[in-house]
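Derivation of every value follows stated rules applied to the coordinates shown; laboratory data play no part. On a predicted model such as this, the values are computed, not experimentally measured, just so you know. Here the Cβ is made from the backbone with ideal geometry for all residues, glycine too, and neighbour counts use every protein chain on show.
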Amino acid sequence: MRFDIITIFPGFFDSPLEYGILRRARNAGLVTVAAHDLRSFTHDRHRTVDDRPFGGGEGMVLKAEPIFDAVESLHVTPKAERDTQKETVILLSAQGRPFTQTVAQELAGMERVVILCGRYEGIDERVNELLCDREISIGDYVLSGGELAAAVIVDAVVRLLPGALGNPDSSRFESFGAEEAGEEVGGVDGPPRSTYGAGGLLDYPHYTRPAEFRGVSIPDALLGGNHEVIRQWRRRMALRKTLRNRPDLLEKMPISDEDREILDELRYLEENPEE
Ligand code: SAM
C-alpha cells in the first residue's frame, strides 16, 4: 500500500512515521508513505501556494494549480476513470464526512491513497470537485492544518494492514471492532473475549499487574481464570463504557437479548447510583 501526502510542511511527517507499528510496517515493506512539498509545484520566485479569497473575508486559500500539478505528478488516475476501490484521493477538511473505523477499514483495502492537507482557510473548492473522491474530517473541531489529520489516518489504516500488528486479533477485538454479532471467538481454549466480538462497542477496560495499586484492586471476575465469568464481565463493561461515553453507538449496533438485559440494568444503576 502507498500513501502520498501533499502538504506545505513535508518535514512534519518525519517524526510520526518513525515510531512503533508505523515504523515496523514501513521497514517490513507493508506500506510506503511519501510526503510531497506543495511548494515544489509552484512557478514563481516566492513559491506562492495561497491567494486571497474571492468575495472577500479573512484568511487565505490554497490555490488549485499547484495541487493539480502535485497530484498529476504522481500519475494518479483521472477522477472519472479511477477505480475507487483501489485508489482514492482524499481532501482533508473540517467540513468532511467523519473518519471512522469503517472508513479506515475501507482505506486499508486500497493500493493507493493520496491525501491533500489544507492550511489557512482551506483549499480552492475546485480541487474537491475535480480531483477528490472523499472529503474527510477527523472530528468536530478545527485544526490549523491537515497534517495531523493525515497522520491520524495513516496510523489508523496502517495498523489494519495484514502483518502490521504482532497479533492480528488485536485489531479485530477492540473498540469499534467489525466482528459480526453472534460470532463465537476464541474457542474453548481461546482467550475469553466477548461472545460477540466488539460488535461496534467501545472496548472493555484492561488491567495488568500489580493486582492492587494505590488501594484499588482489579475486579474479582478477572482473577479466577473462569473464561465464562471473564467473558460476561468484559461484555458488561464494554456495554457500560459505551452507554456512558458513546450512547449513539448503541443505536447503530445489533443488540442481543442478553445485551438488552444488561443495558436495562446498567441504565437503572446509572439512574439509581445508591443501589
Ligand atoms: N475554514 C475551514 C472551516 O471553517 O471549515 C477551516 C480551515 S482549517 C484552519 C485548515 C485546514 O486544516 C483545512 O483545510 C483542513 O485540511 C485541515 N483541517 C482542519 N480541521 C480538520 C478536521 N477536523 N479534519 C480534517 N482536517 C482538518
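A few remarks follow.
- Cross-link partners of LYS241 among lysines, defined as those whose alpha carbon lies under 20 angstrom from its own and excluding same-chain residues fewer than eight positions apart: LYS252.
- Our analysis of the stretch 2-158 gives Rg over Rh at 0.95, with the two radii drawn from alpha carbon positions and Rh computed by the Kirkwood formula.
- Within the shell of other residues whose beta carbon sits under 14 angstrom from the beta carbon of ARG2, the net charge comes to 0, with Lys and Arg scored +1 and Asp and Glu -1.
- For the stretch 1-48, alpha-carbon Rg over 2.2 N^0.38 Å: 1.39
- The angle between the Cα long axis of helix 147-158 and the longest principal axis of the Cα atoms of the chain comes to about 50 degrees, rounded to the nearest 10.
- Within a Gaussian network of the chain (alpha carbon springs, distance under 10 Å), most fluctuating of LEU223, LEU249, LEU201: LEU223
- Sorted ascending by nearby beta carbons within 10 Å, beginning with the fewest, PHE213, PHE9, PHE173, PHE3 become PHE213, PHE9, PHE173, PHE3.
- From largest to smallest, the equivalent ellipsoid semi-axes obtained for the chain from the alpha-carbon gyration tensor read 43, 21, 18 Å.
- Length added when fully stretched, SER144-ARG23, from 0.36 nm per residue minus Cα-Cα: 41.0 nm
- Exposure proxy order (Cβ contacts within 10 Å, fewest to most) of GLU271, GLU258: GLU271, GLU258
- Computed from phi, the 3J(HN,Hα) profile of the stretch 216-225 under the Karplus parametrisation 6.51, -1.76, 1.60 (θ = phi - 60°) reads 10, 8, 6, x, 4, 4, 8, 8, x, x Hz, with x in place of Gly and Pro.
- For the stretch 55-148: rounded, prolate or oblate by the Cα gyration tensor [a/c cutoff 1.5]: oblate
- Summing charges over neighbours of GLY55, with a neighbour being any other residue whose Cβ is under 13 Å away from its Cβ, gives -4 when K and R count +1 and D and E count -1.
- Gaussian network model of the chain, springs between alpha carbon atoms under 10 Å - residue of GLY55, GLY177, GLY109 with greatest fluctuation: GLY55
- Residue among CYS132, GLY122, ALA35 farthest towards the positive dipole end of the chain, charges placed on Cβ: ALA35
- In this simple spin-label approximation, SER170 and PHE68 carry label points 7 Å from Cα along the Cα→Cβ vector, and these lie 4.4 nm apart.
- The chain - mean residue ellipticity at 222 nm from DSSP helices (-39,500 (n - 2.57) per run, n ≥ 4, rounded to 500): -9500 deg cm²/dmol
- Max mean-square fluctuation residue, GNM over the chain, Cα-Cα springs under 10 Å, options ASP124, ASP69, ASP248: ASP248
- Residue order, fewest to most surrounding Cβ atoms within 10 angstrom, among ILE218, ILE5: ILE218, ILE5
- Radius 13 Å from Cβ of ARG97, net charge of other residues (Lys, Arg +1; Asp, Glu -1): -3
- A Förster distance of 30 Å, applied to the separation of the beta-carbon atoms of ASP155 and THR208, puts the FRET efficiency at 0.80.
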